[in-house]
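Presented below is the structure to which this report refers.
The values are calculated or read from the model by the stated rules, or taken from the named source; none is laboratory data. Worth saying up front: this structure is predicted, and the values here are computed from it rather than measured. Note: ideal-geometry Cβ built from the backbone for every residue, glycine included; neighbour counts use all protein chains shown.
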Amino acid sequence: MTSLPEDLPSLISEDDRDTAVRRLQEAYTEGHLSHEDLDERLHQVLTARTRGDLVSPLASLPEEKAATTSTIAAAGGRIRRRGAWRVPRTLKVESAFGSVSLDLTRAVIEHSVVDIELQLGTGKARITVPRDAIVDVEGLHTGWKDTRYKARRRSRLGGPSIRISGTMGFGRLKIRHAWR
């Protein structure tokens, strides 16, 4: 049996790569990088194989802002968020019985990617997203009814990416884009 050297460089995951790309994009939008510098660093990140390969393109970037996570929970009844409210980077919504209504159209969304994790027993859920949002529901598991979501044919670039994951027992999730 051959032993492996302990100093093998660790390969990066897709999450590591996505995080590095997000940090570069945020630094560019905040004015810390020029367009040419962004292109060069993105190329380095996208061709990186090990964690060590990510050190150079991420050097001199400002410290990453702490990810925020909030949880909204109710045993029964209604969970409702609408109007002007601050959406955290990760939002966990937990309800045993009852309905959930999240309206993100007038919400303050500071992150390019928002993760919404649903843990619902029974009851329906409705999420209204901004017109230019990109929605991903691949991480959501439903026990009884399918999710109702029709992706927009033409989405403008620059909108937030909203990833919905978790588990729904009995009930249906409806996702719609705002009209304006």
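At a glance:
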quantity	calculated
Test: residue 127 is hydrophobic (A, V, I, L, M, F, W, C) and crowded, with 16+ Cβ neighbours inside 10 Å	yes
Sole exception among (1) closer than 26 Å to residue 33 by Cβ; (2) touching a residue at least 24 places away in the same chain (Cβ under 8 Å); (3) not polar (S, T, N, Q) for residue 59, by number	(2)
Segment 75-104 residues that are without any contact (Cβ under 8 Å) to a residue 60 or more places away in the chain and not assigned by TED's automatic domain parsing to the domain that holds residue 119, paired with ones that are of a type in the set (Phe, Trp, Tyr) and assigned to a strand (DSSP E or B) (beta carbon under 8 Å, 6 or more apart)	none
Number of the exception - residue 33 against (1) surrounded by 11 or more Cβ atoms within 10 Å (Cβ to Cβ); (2) in the same structural domain as residue 110 (by TED's automatic domain parsing); (3) of a type in the set (A, V, I, L, M, F, W, C); (4) in a loop (DSSP other than H, G, I, E, B)	(2)
Failed condition for residue 44, given (1) at pLDDT 90 or above; (2) out of contact with any helix residue (DSSP H, G or I) (no Cβ under 9 Å at 6 or more places or on another chain); (3) surrounded by 13 or more Cβ atoms within 10 Å (Cβ to Cβ)	(2)
Tally of residues being within 19 Å of residue 62 (Cβ to Cβ) and among the hydroxyl-bearing types (Ser, Thr, Tyr) across segment 9-43	4
Residues of segment 54-97 satisfying the condition of being modelled with pLDDT of 90 or more, touching a Lys or Arg at 6+ places or on another chain (Cβ under 6 Å) and hydroxyl-bearing (Ser, Thr, Tyr)	71
